[in-house]
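The values are calculated or read from the model by the stated rules, or taken from the named source; none is laboratory data. Treat the numbers as computed from the prediction; the structure is a model and nothing was measured. A quick note on method: Cβ atoms are made from the backbone with ideal geometry, for glycine too, and the neighbour counts reach across all protein chains shown.
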């Protein structure tokens with residue numbers, strides 16, 4: 001063991017990474033004080049680890065970077081190479097006014113390293129690689145459905161632009177039935193160019209419909225695998241939750257054990273109010289902006305379905321509507337629904353709801 005190894009042996013080194021596609025900004029601080037200057041390197045974990053071992057042999061390495069486009073593969077690779085790495089929410093990083101007004105990659109890296117050393121950061125849950133890929137599949141369906149909606153709106157906008165209305169003998173265009181699509185395909189505008197534009201939009205719509213169908217089938221097959229078969233079967237016993245909704249819940253939550261209480265789970269989903277208090281005044285604001293947008297959306301949609309078929313939730317919803325607007329009442333129903341989801345996943349058993357007694 002040489003002098004350099006003796007110097008750094010057992011010492012804790014804190015590394016902040018500001019990751020980008022072309023390069024990474026790196027800042028390193030020790031437990032006692034800032035060390036050296038921030039620098040840039042190629043976007044490869046092995047390059048960073050070799051640098052650390054060369055300059056800080058025998059030290060204990062701690063690393064952090066912000067969640068973003070790069071996902072979790074950097075964290076996985078650094079952990080495999082012996083670096084204790086965490087991923088954090090960018091909104092949770094303490095920032096001074098100077099850092100806010102003078103924002104550079106190196107400043108961000110130094111800020112991350114300093115906050116990691118000071119213990120100011122809360123690590124995000126990092127799911128396993130299989131769970132991330134399953135989540136990507138399910139989120140892809142959401143993306144394709146959004147593209148399909150946009151394409152349908154473009155087609156309706158084109159028809160409205162030229163004053164083309166649906167014939168009286170046709171079904172409503174809201175359903176986009178085979179009959180309505182056949183009518184659209186046979187439609188001829190005044191010029192070949194206008195007709196070509198309509199044909200291209202219809203081709204785009206047909207492609208998206210096929211892609212969504214393929215994704216639905218793939219998600220259905222995934223729900224029947226060993227990992228998801230039992231929890232999906234239990235979740236679908238809850239009113240308002242279909243197989244697709246259950247798969248969104250499972251791929252976003254990954255495991256219910258990461259949440260110690262319903263309040264923590266509700267906060268993660270975004271089904272809690274915000275707060276703006278000062279002194280003796282305590283003010284509760286509208287529903288928080290911090291959320292998992294997929295979970296809050298799908299639970300709210302599931303709640304609208306549940307109040308139509310679940311007598312217990314319908315009774316609660318009608319009671320709430322007497323003192324608040326429906327869009328606020330449905331948020332509270334979504335939280336009740338989330339409570340049932342947590343119960344089912346924790347107990348690993350179907351949902352059994354006692355119906356309200358008749359008067």
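Elements of the type helices (runs of 4 or more DSSP H) sitting completely within region 66-169 and holding at least 2 residues that are within 23 Å of the chain's Cα centre (by Cα) and surrounded by 14 or more Cβ atoms within 10 Å (Cβ to Cβ): these cover 73-80, 129-161. Against the definition (out of contact with any helix residue (DSSP H, G or I) (no Cβ under 9 Å at 6 or more places or on another chain), at pLDDT 90 or above and within 20 Å of residue 14 (Cα to Cα)), how does residue 119 come out, yes or no? It is true that residue 119 is out of contact with any helix residue (DSSP H, G or I) (no Cβ under 9 Å at 6 or more places or on another chain), at pLDDT 90 or above and within 20 Å of residue 14 (Cα to Cα). Among the residues of region 17-53, just one is out of contact with any helix residue (DSSP H, G or I) (no Cβ under 7 Å at 6 or more places or on another chain), farther than 18 Å from residue 114 by Cβ and assigned to a strand (DSSP E or B), namely 40. Taking first residues from region 170-195 that are surrounded by 10 or more Cβ atoms within 10 Å (Cβ to Cβ) and partners that are at pLDDT below 85 and outside any loop (DSSP other than H, G, I, E, B), the Cβ contacts under 7 Å between residues at least 6 apart in sequence or on separate chains come to 170/179; 171/179; 180/173. When restricted to residues that are buried (at least 17 other Cβ atoms within 10 Å of the Cβ) and either part of a loop (DSSP other than H, G, I, E, B) or in contact (Cβ under 8 Å) with a residue 60 or more places away in the chain (or both), region 213-240 contains 11.
Residues in region 54-71 that are over 19 Å from residue 108 (Cβ atoms) and in contact with a strand residue (DSSP E or B) (Cβ under 7 Å, 6 or more places away or on another chain): 56, 59, 60, 61. In summary, residue 260 fulfils each of the numbered conditions (1) at pLDDT 95 or above; (2) under 24 Å from residue 298 (Cα atoms) with the single exception of condition (1).
Pairing each residue of region 141-162 that is over 19 Å from residue 186 (Cβ atoms) with any residue that is part of a helix (DSSP H, G or I) and at pLDDT below 95, provided the two are 6+ apart or on different chains, yields C-beta distances under 7 Å for 142/294.
Taking residue 208 as the residue in question, decide whether it is over 30 Å from residue 342 (Cα atoms) and in the same structural domain as residue 162 (by TED's automatic domain parsing).
On the way: over 30 Å from residue 342 (Cα atoms): yes; in the same structural domain as residue 162 (by TED's automatic domain parsing): yes.
Yes.
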